[in-house]
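First comes the structure, then the notes that go with it.
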């Protein structure tokens, strides 16, 4: 996702997917009566076509942190461990055949599967594992997903400029550049150790219960060392490196090939990426090893993912069968062209209007979320306030409105969340109140929603303009200022949320002197401006990388390692200290106490506007379904919160689902305000 920002993003968007695979699904089979045969004949039986919003930021597991890229990464690359069925809290050996944990909890020894090759013919072995994980650590992209590894792997925090940035050769600090001595210190710490050709050990600084989930996260995907090295250029300016990896190669700026090309061991291969038309094509890996369950080759030979920003175009293609799945916003009630509106609002259940489509989940067997038949998702949609806005020259601007807590609070109180949920996303969301989502350890149900209070918002803006914290932040009706609220083009829910706030702020701007303007940017441009800290106010979503509170607390609020904290200059030293502290506490009660306290501190800083938590549902063409006994939820009739988009390997096209099963909707409306190009993870 940019994995992660994302990547892998706030609107409740229904993604219509015709593929029987990836990303979101509860791994279960649903008993049901006879299924009405699809009316329309299957189109393009050998090709799965997904129409979504935008296109990936990058395709490199070491740097991608948004869901559009992660969707491809999880189908082309593989990790030593991966998720089981619909269980985001269960991982199983994948490229590894087994693993052992030392008694002190500091060393994981992975025994690798033999006979697996990358699509360029390079053998998968311990050297490839060493290369892939060390490469991500050495690149140390502050906007990427590697923080999850560096925070706890041996030598990682000392090496990383997001953490200690000091080591044996420079005990007082490495400074701003990456030296060869710094790289050598990391290598000598032996975070990853090759024990023999098919055995690798990973050493941690401290026991970490979430490590197996980190190893299932895309940042640890194993890439072909041969392919990367063949397209790598060594630095000549004294920057540290190992062959194939350059220290501080942020966002692949020095070696861009891996950001647009992929060589993995997974069930699919990248065939082409046409950025001008936002079209990516994957073809089946005809030499795929079959995964740990030995399920053979992918049923669908070709996958086409198209970025089409106009929702009406996507809907027309989906109806015509030209797209098997498409991103259809709930915004404006567009989903009700496929799902019965009266049934939804009266019972909270999903019912398709035509046998040409199918919809999931169904309750029962699924359990409702706040009386709505939706899949819960470990995702948070929010608005971030940049407290140190930079201009095109990358220098801080004079006018820094969100450095003033009064203005951050005013914009938060200017948002009518109830109206947004009921009228904009048609109830396909639940209100958000804090960093950690419901269902995850650390969520505090006693924290309430921020109210909609335009009168107080107006008063706060008048006070901030008349009595600014610094002279440059002054504004008044005679000397007005304008704030831009940005969203990614094609995401109508985010656009509407931005408009709601802008309308409220502009409603009393003649009295305050502060105006708001809504600005849409294409997804890659949006992420680029976000990384450059040039966006004043942004809407995004965050979907889980691995199931631990760290995966939400660090990105949002850690001053030196946080994906969003860095992008918006949020720095509360006490919060950062408590985030580090809670990660080392083994007693759940004590850890929960620290987490609850720091979350309230973040809320008291008015650093974020929490919009909604994620939910998911799928509407698909009836000819798409998941394979029986799918190893990983494909995102059609089953959903895994840790999968981004679809796992195409387990999707079939044509015919009906197995007797006694509901047809596995492949083409789906993903109401996860964060699919593909919606989460930063992940930045999409």
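Can you name the residue in the range 65-79 that is assigned to a loop (DSSP other than H, G, I, E, B) and at pLDDT below 95 and, of all such residues, is farthest from residue 366 (Cα to Cα)?
Narrowing the range 65-79 to residues assigned to a loop (DSSP other than H, G, I, E, B): 65-66, 77-79.
Adding the requirement that they be at pLDDT below 95 leaves 65-66.
Numbers: 65: 30, 66: 28 Å.
Within the range 65-79, the match that is farthest from residue 366 (Cα to Cα) is 65.
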How many residues are part of a loop (DSSP other than H, G, I, E, B) and surrounded by fewer than 17 Cβ atoms within 10 Å (Cβ to Cβ) if we restrict to the range 293-336?
7
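For (1) closer than 28 Å to residue 435 by Cα; (2) assigned to a helix (DSSP H, G or I), each residue gets a yes or a no:
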{"site": "446", "(1), (2)": "yes, no"}
{"site": "450", "(1), (2)": "yes, no"}
{"site": "457", "(1), (2)": "yes, yes"}
{"site": "472", "(1), (2)": "no, yes"}
{"site": "500", "(1), (2)": "yes, yes"}
{"site": "518", "(1), (2)": "yes, no"}
The number of residues in the range 161-190 that are within 21 Å of residue 250 (Cα to Cα) and at pLDDT 95 or above is 10
Regarding residue 179, is this residue surrounded by fewer than 19 Cβ atoms within 10 Å (Cβ to Cβ) and in contact with a strand residue (DSSP E or B) (Cβ under 6 Å, 6 or more places away or on another chain)?
no
Do we find a residue being more than 21 Å from residue 495 (Cβ to Cβ) and in a loop (DSSP other than H, G, I, E, B) anywhere in the range 419-433?
yes
Residues in the range 418-432 that are under 17 Å from residue 382 (Cβ atoms) and surrounded by fewer than 23 Cβ atoms within 10 Å (Cβ to Cβ): how many?
4
Looking at (1) in contact with a helix residue (DSSP H, G or I) (Cβ under 9 Å, 6 or more places away or on another chain); (2) part of a loop (DSSP other than H, G, I, E, B); (3) surrounded by fewer than 19 Cβ atoms within 10 Å (Cβ to Cβ), can you tell me which one residue 355 breaks?
(1)
Name the residue that is nearest to the chain's Cα centre (by Cα), counting only residues in the range 543-601 that are part of a loop (DSSP other than H, G, I, E, B) and more than 23 Å from residue 215 (Cα to Cα).
568
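Answer yes or no as to whether residue 404 is in the same structural domain as residue 547 (by TED's automatic domain parsing), within 24 Å of the chain's Cα centre (by Cα) and under 23 Å from residue 600 (Cβ atoms). Full working, then the answer.
Values: in the same structural domain as residue 547 (by TED's automatic domain parsing): yes; within 24 Å of the chain's Cα centre (by Cα): no; under 23 Å from residue 600 (Cβ atoms): yes.
For residue 404, the condition - in the same structural domain as residue 547 (by TED's automatic domain parsing), within 24 Å of the chain's Cα centre (by Cα) and under 23 Å from residue 600 (Cβ atoms) - is not met.
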So residue 61 fits all but one of (1) at pLDDT below 95; (2) in the same structural domain as residue 284 (by TED's automatic domain parsing); what number is the exception?
(1)
Conditions: (1) buried (at least 17 other Cβ atoms within 10 Å of the Cβ); (2) over 21 Å from residue 476 (Cα atoms); (3) in contact with a strand residue (DSSP E or B) (Cβ under 6 Å, 6 or more places away or on another chain). Residue 449 meets all but one. Number of the miss?
(1)
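The values are calculated or read from the model by the stated rules, or taken from the named source; none is laboratory data. Keep in mind that this is a model prediction, so the values were computed, not measured. Counting neighbours? That spans all protein chains shown, and the Cβs are built from the backbone with ideal geometry, glycine included.
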